[in-house]
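Working notes for the structure below.
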Amino acid sequence: MPPLKSIDNSRGCGQDRKRELKNVLEKIKFALELSGRKFVILQYPAKHRDRSIDIVAIGDNESEIIRVKLSAKVSREESKDLIRASKALDAVPMIVTNDPELYDNIVYEKEGVYVINDRTFENLYLRPNELITLYKKGDLYVSLNKENFKKLRSRLKLTIGDVAFKTGISRRTIYSYEREGGIITIETAEKLLEVFGEGVIQTVNLKVMRGEFQRKHMEISETCSKELLLRIRKYFSGEVYEIKKSAPDFIISGEDEVAVYVDAVLNRRKYTLRDLIRKTVESVKLSNILKKSTAGIMLSGTDDEIIKDELSSYVDMNKVSIIKISD
């Protein structure tokens, strides 16, 4: 199966594109609501094309950072923010689109994030029996059920060497399948199916996606400038993740709490007063759905009273932590 359909992908513009985008967003909201997810829609920056994050969804076991688009293309800025936010919030980064080039029930890995169409998104959340595969680096993958693998091998009274002989897969690889599970190519899956039957294979679900993301990005830690990091370290402990194209300027992931903050000190020449207010309001919205989280803004002595006074018109100031920084 080719990775992408060969389709004329010329799309409308203006109001047509807005309607398309709204339709995709409504489908995502519908699936999240039916699945019992809490979620928040972030609306900063005001222009949709300037954002990297549209939705943060929180579940009992998995959470997702979602970008909604009409195209399957992934910019470097989008992927960086999606990856950093997902690392900070222990989530799965994904782009959801109605791009007709994407096949249903295939999760595409691009630039370190997952790209899917809106129908695949619905199936991930609402139809757990659908077989969904992962496409990356030219191959299709499914997930190996390590518990069933071990049970079936025992039931069939096969040694690891027996399985290696029957499938042509090395003993070391068979051992890692039984110990760690993970994803396997369609070709490998077919070999295992001949020996064990369908019970050994499972769909690529959100849990599998999260596991693969964590494995791939295990080495990514703090991502911010030295100046910002030194300042933050005076007030917080934990991993610091700088976000470029969304409401918070940084997210701090600590052992017991997540902090979502706007930086009005380093960025006061970059943002207008209106920007800072909107960023803080949206950051509070995000913090409200997270477990053990605080939202706040870093202010300098020259502008703190003006910003606090303006903020009080939009949010409960008891929910906003103010950190004053000396100039």
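Please report 316, 54 as a ranked list, fewest other C-beta atoms within 10 angstrom at the top and most at the bottom.
Ascending number of Cβ neighbours within 10 Å: 316, 54.
For an R0 of 22 angstrom, estimate the FRET efficiency from the Cβ-Cβ distance between residue 309 and residue 257 and round to the nearest 0.05.
The pair residue 309/residue 257 has a calculated efficiency of 0.20.
Rounding to the nearest 20 debye, state how big the charge dipole of segment 99-218 is about its Cα centre with +1 on each Lys and Arg Cβ and -1 on each Asp and Glu Cβ.
840
Picking from 96, 45, 24, whose Cα lies most toward the positive end of the charge dipole for the chain (charges on Cβ: Lys, Arg +1; Asp, Glu -1)?
96
If R0 is 22 Å, what FRET efficiency do you get for residue 244 and residue 43 from their C-beta distance, rounded to 0.05?
Efficiency, from the Cβ-Cβ distance: 0.85.
On a full-extension model of 0.36 nm per residue, what is the gain between residue 292 and residue 34, subtracting their alpha-carbon distance, rounded to one decimal in nm?
90.4 nm
I'd like the Karplus ³J(HN,Hα) series for segment 134-139: coefficients 6.51, -1.76, 1.60, θ = phi - 60°, whole numbers in Hz, and an x wherever there's a Gly or Pro.
Karplus values, whole Hz, x for Gly and Pro: 10, 10, 8, 6, x, 10.
How much length, in nm to one decimal, is gained on full extension between residue 71 and residue 176, taken as 0.36 nm per residue of separation minus their Cα-Cα distance?
Computed gain between residue 71 and residue 176 is 34.1 nm.
Explain nothing, just compute: Karplus ³J(HN,Hα) = 6.51 cos²θ - 1.76 cosθ + 1.60, θ = phi - 60°, for every residue of segment 108-125 in order, whole Hz, x for Gly and Pro.
With coefficients 6.51, -1.76 and 1.60, one gets 9, 8, 9, 6, x, 10, 9, 10, 9, 8, 5, 6, 5, 4, 4, 5, 4, 8 Hz.
For the pair residue 318 and residue 217, what calculated FRET efficiency results from E = 1/(1 + (r/R0)^6), where r is the Cβ-Cβ distance and R0 = 25 Å, to the nearest 0.05?
0.10
May I ask for the percentage of alpha-carbon pairs in the chain that lie more than 28 Å from each other?
48
Helix 206-216 against the longest principal axis of the chain: what's the angle in degrees, Cα atoms only, rounded to the nearest 10?
80
Give me 261, 271, 125 ranked fewest to most by other Cβ atoms within 10 Å of their Cβ, as a rough exposure proxy.
271, 125, 261
Report, to two decimal places, the Cα Rg of segment 239-290 normalised by 2.2 N^0.38 Å (N = number of residues).
For segment 239-290, the normalised Cα radius of gyration is 1.12.
Specify which residue in the list 134, 163, 123 is farthest towards the positive end of the charge dipole of segment 90-199, using unit charges on the beta carbon of Lys, Arg (+1) and Asp, Glu (-1), about the Cα centre.
Highest projection toward the positive end goes to 163.
Whole angstrom only: what separates the Cα centroid of segment 225-260 from the Cα centroid of segment 71-138?
26
The numbers here are math on the coordinates, done by the rules we state, and not lab data. Here the structure is a predicted model, which means the values were calculated and not measured. For neighbour counting, all protein chains shown are included, and Cβ atoms are generated from backbone atoms with ideal geometry for every residue, glycine included.
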